[in-house]
Amino acid sequence: MKFIEKIVKHNITKIVFVSKKNEETFYNIIDKKYIEKNNIKTYVIKNYIDGDEILRKSEEEIVIEDKEKKELIKNILEEKKNDDSIKILLNVGRHSKEKNLNTMIEVFKNVLENSKNIIPYLIMLGDGKETDNIQKYIKENKLEKRIILLGKKKNPYPYFKISDYIFLTSLTEGYPVVFQEAMVMR
């Protein structure tokens, strides 16, 4: 409530949310009548993305410092040119519990073990508190050649360009910008 009192005190009349879910959560916490009484309007404007900039950056060279991972990606892309069954899945984001990455990796492993039609690879961009657990799981399950952790990338868009699918398993998400970015690439 202190937040709203500051808004009223400073005569702020508009609040912008990046998703309908964010706005709904706000109204679950704050009395809507109080907002209306103080002539405060709320709006939803999805996160702005610059499609032209994304397309421009997607043309930049992929930079991978780790020589083994660089060679692995290079080989996958070479094989993919001649084999339509090779599919690259991409996950971009923070490695944390709410991103539900364990489920994503389990689903990936299931596809890998049971699919006769595709040869999947998963590239993961990002890092966080769960990175060590993810690395441990990948190693324990001998998935190092199939799940490639590349860490944070200043420019993720060349990876969007080489991927066939975006993989997002978050338990909660306002409006996933990664999907907007991916749509620009299609």
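Within region 38-49, identify whether any single residue is among the aromatic types (Phe, Trp, Tyr) and open to solvent by less than 40 Å² (accessible area, probe 1.4 Å), and answer yes or no. If you could, list the steps in order and put the result at the bottom.
Step one: list which residues in region 38-49 are among the aromatic types (Phe, Trp, Tyr), which gives 43, 48.
Within this subset, residues satisfying the condition of being open to solvent by less than 40 Å² (accessible area, probe 1.4 Å) are none.
No, the conditions are met nowhere in region 38-49.
Which one is least open to solvent (accessible area, probe 1.4 Å), of the residues in region 73-97 that are more than 19 Å from residue 149 (Cα to Cα) and not basic (Lys, Arg)?
That would be 85.
Quickly run through region 122-138 and pick out the residues that are in contact with a Lys or Arg (Cβ under 6 Å, 6 or more places away or on another chain) and open to solvent by less than 20 Å² (accessible area, probe 1.4 Å). Before you say what the answer is, go through the steps one by one.
Here is the first cut: in region 122-138, the residues in contact with a Lys or Arg (Cβ under 6 Å, 6 or more places away or on another chain) are 125-128.
Result: 125, 126.
Of the conditions (1) in contact with a His (Cβ under 7 Å, 6 or more places away or on another chain); (2) part of a loop (DSSP other than H, G, I, E, B), residue 134 clears all except one; give me its number.
Unmet condition: (2).
Out of the residues in region 103-117 that are among the β-branched types (Val, Ile, Thr) and out of contact with any Pro (no Cβ under 9 Å at 6 or more places or on another chain), which is least open to solvent (accessible area, probe 1.4 Å)?
Out of the qualifying residues, it is 105.
When residues of region 50-68 are filtered for being open to solvent by less than 60 Å² (accessible area, probe 1.4 Å) and within 19 Å of residue 122 (Cβ to Cβ), how many remain?
Number satisfying all stated conditions: 2.
Does region 144-172 hold any residues that are of a type in the set (Val, Ile, Thr) and either under 19 Å from residue 105 (Cβ atoms) or exposed (fewer than 14 other Cβ atoms within 10 Å of the Cβ) (or both), and which are they?
Step one: list which residues in region 144-172 are of a type in the set (Val, Ile, Thr), which gives 147-148, 162, 166, 169, 172.
Once the filter is applied, which keeps residues that are of a type in the set (Val, Ile, Thr) and either under 19 Å from residue 105 (Cβ atoms) or exposed (fewer than 14 other Cβ atoms within 10 Å of the Cβ) (or both), region 144-172 yields 147, 148, 166, 169, 172.
Within region 120-170, how many residues turn out to be β-branched (Val, Ile, Thr) and touching a residue at least 60 places away in the same chain (Cβ under 8 Å)?
Going through region 120-170, the residues β-branched (Val, Ile, Thr) turn out to be 123, 131, 134, 138, 147-148, 162, 166, 169.
Narrowing the set further to residues that are touching a residue at least 60 places away in the same chain (Cβ under 8 Å) leaves 148, 162, 166, 169.
Residues in region 120-170 being β-branched (Val, Ile, Thr) and touching a residue at least 60 places away in the same chain (Cβ under 8 Å): 4 in total.
Just to check your reading of the model, which residue among 141, 100 is open to solvent by 30 Å² or more (accessible area, probe 1.4 Å) and within 16 Å of the chain's Cα centre (by Cα)?
From the options 141, 100, the qualifying one is 100.
Yes or no: residue 181 open to solvent by less than 70 Å² (accessible area, probe 1.4 Å), assigned to a helix (DSSP H, G or I) and not hydroxyl-bearing (Ser, Thr, Tyr)?
Values: open to solvent by less than 70 Å² (accessible area, probe 1.4 Å): yes; assigned to a helix (DSSP H, G or I): yes; not hydroxyl-bearing (Ser, Thr, Tyr): yes.
Taking the combined requirement at face value, the residue satisfies it.
Considering each residue of region 81-99, count those that are among the small types (Gly, Ala, Ser) and either without any contact (Cβ under 8 Å) to a residue 60 or more places away in the chain or under 11 Å from residue 123 (Cβ atoms) (or both), and give that number. If you could, list the steps in order and put the result at the bottom.
Residues of region 81-99 that are among the small types (Gly, Ala, Ser), as a first pass: 85, 93, 96.
Still in the running and either without any contact (Cβ under 8 Å) to a residue 60 or more places away in the chain or under 11 Å from residue 123 (Cβ atoms) (or both): 85, 96.
Going through region 81-99 one residue at a time, the tally reaches 2.
Scan region 1-37 for residues that are farther than 20 Å from residue 173 by Cα, open to solvent by 50 Å² or more (accessible area, probe 1.4 Å) and not in a helix (DSSP H, G or I) and jot them down. Working first, answer last.
So the first thing to find is which residues in region 1-37 are farther than 20 Å from residue 173 by Cα, and the list is 1-14, 30-37.
Subsequent filtering for residues that are open to solvent by 50 Å² or more (accessible area, probe 1.4 Å) retains 1-3, 5-6, 9-14, 31-34, 36-37.
Across region 1-37, the qualifying residues are 1, 10, 11, 12, 13, 14, 31.
Considering only residues of region 17-32 that are closer than 8 Å to residue 44 by Cβ and among the hydrophobic types (A, V, I, L, M, F, W, C), which is modelled with the highest pLDDT? Full working, then the answer.
The initial filter retains those residues of region 17-32 that are closer than 8 Å to residue 44 by Cβ, namely 17-20, 22-23.
Filter again for among the hydrophobic types (A, V, I, L, M, F, W, C), leaving 17-18.
Working: 17: 88, 18: 82.
Here the answer is 17.
The values are calculated or read from the model by the stated rules, or taken from the named source; none is laboratory data. Here the structure is a predicted model, which is why all the values come from computation and not from measurement. Heads up, the Cβs are rebuilt from the backbone with ideal geometry, glycines too, and the neighbour counts pull from every protein chain shown. Side chains are part of the model used for accessible areas, which takes the heavy atoms of the whole protein and leaves out ligands, DNA and RNA. Shrake-Rupley method; radii C 1.70, N 1.55, O 1.52, S 1.80 Å.
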